[in-house]
Amino acid sequence: MRTTIQSWLFFRLLTKPSVVFVELSETRPSPYSVFFRFIFWLALIPPVFAYIGAANFGWHLGAAEPLFMSNEELIAISIAYFIALLFGFISTAMIAQWMAATYGARHSLGIHFAVVTIVAAPLAVGSIVHLYPHVFVNVLVLIPTLIWSMYLLYRGLPIVLKIGPERGMLMASSLIGWLLVAAVSLLGLSVGLWGSGIGPSIGV
């Protein structure tokens, strides 16, 4: 039976993650339902917070004065941020589905969308720190949320995809490897584009 994942609540994920994983392992969520009910909105949260924070406080990159940008530049950056997050969600779920055959895991795209959504939830909630875009403050908050997301990945993936702990650990590590490669590639692309003059002109 195809079911939705309406029973996911953030506080249950924080207090009883194993229960959430076991419940999810018995469902077959639709990828469209997961995307439009959860992924789209989770990907929207960080850019909205980043836009509000940068518009009100500027970007604090250290001891220097905060950097302020025009409204048009902030909107362009926020849209690019949103698109990058959506690409990360979808590509990670598809990579996980592709890996499923190797590790003997469940192959449904919907269940992989669901796993990625659960893992990304703490980061989406933690992005509230973007309301004050100071590098040190953001790192201080987002590193613990990143650790929590990795914990959820290693803990939940074998349960939800119904594979052994050893295979689950290997698959989770492979996904983290993919995410690291994607993050470094995105950073390099951003630096290259901005260095070529494609992007907002930063000025105090």
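Observations
- Within the stretch 152-175, the set of residues being under 21 Å from residue 29 (Cα atoms) and more than 19 Å from the chain's Cα centre (by Cα) comprises 158, 159, 161, 162, 163, 168.
- Neighbours by Cβ (under 9 Å, 6+ apart or cross-chain): first from the stretch 176-202, of a type in the set (A, V, I, L, M, F, W, C); second at pLDDT below 80 and part of a helix (DSSP H, G or I): 198/192; 202/194
Yes/no per residue for (1) over 23 Å from residue 141 (Cα atoms); (2) at pLDDT 75 or above:
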site: 3; (1), (2): yes, no
site: 22; (1), (2): yes, yes
site: 61; (1), (2): no, no
site: 68; (1), (2): no, yes
site: 76; (1), (2): yes, yes
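- Checklist (1) of a type outside the set (D, E, K, R); (2) farther than 22 Å from residue 41 by Cα; (3) modelled with pLDDT of 90 or more; (4) out of contact with any Leu (no Cβ under 6 Å at 6 or more places or on another chain) applied to residue 152, failing item: (2)
- Here residue 92 meets the list (1) modelled with pLDDT of 90 or more; (2) among the polar types (S, T, N, Q); (3) over 15 Å from the mean Cα position of the chain (by Cα) almost entirely, failing just condition (3).
- Meets criteria (assigned to a helix (DSSP H, G or I), farther than 21 Å from residue 113 by Cβ, at pLDDT 75 or above and not aliphatic (A, V, I, L, M)) for residue 173: no
- Filtered residue count, the stretch 105-120, keeping only those that are of a type outside the set (Phe, Trp, Tyr), in a helix (DSSP H, G or I) and buried (at least 21 other Cβ atoms within 10 Å of the Cβ): 10
- In the stretch 40-71, the residues that are among the aliphatic types (A, V, I, L, M), within 11 Å of residue 132 (Cα to Cα) and free of Cβ contacts under 8 Å to residues at least 40 places away in the same chain: 55
- Scan of the stretch 52-98 for residues that are aromatic (Phe, Trp, Tyr) and surrounded by 14 or more Cβ atoms within 10 Å (Cβ to Cβ), ordered by number: 57, 59, 68, 81, 82, 89
- The C-beta contact set for the stretch 72-100 (first residue closer than 30 Å to residue 169 by Cβ, second residue buried (at least 16 other Cβ atoms within 10 Å of the Cβ) and among the charged types (D, E, K, R), distance under 7 angstrom, 6+ apart or interchain) comprises 100/106.
- Count of the stretch 17-51 residues, restricted to those that are among the aromatic types (Phe, Trp, Tyr), within 23 Å of residue 148 (Cβ to Cβ) and surrounded by fewer than 19 Cβ atoms within 10 Å (Cβ to Cβ), is 2.
The values are calculated or read from the model by the stated rules, or taken from the named source; none is laboratory data. Since this is a predicted model, take the numbers as computed values, not measurements. Glycine gets a Cβ as well: all are built from the backbone with ideal geometry, and neighbour counts include every protein chain shown.
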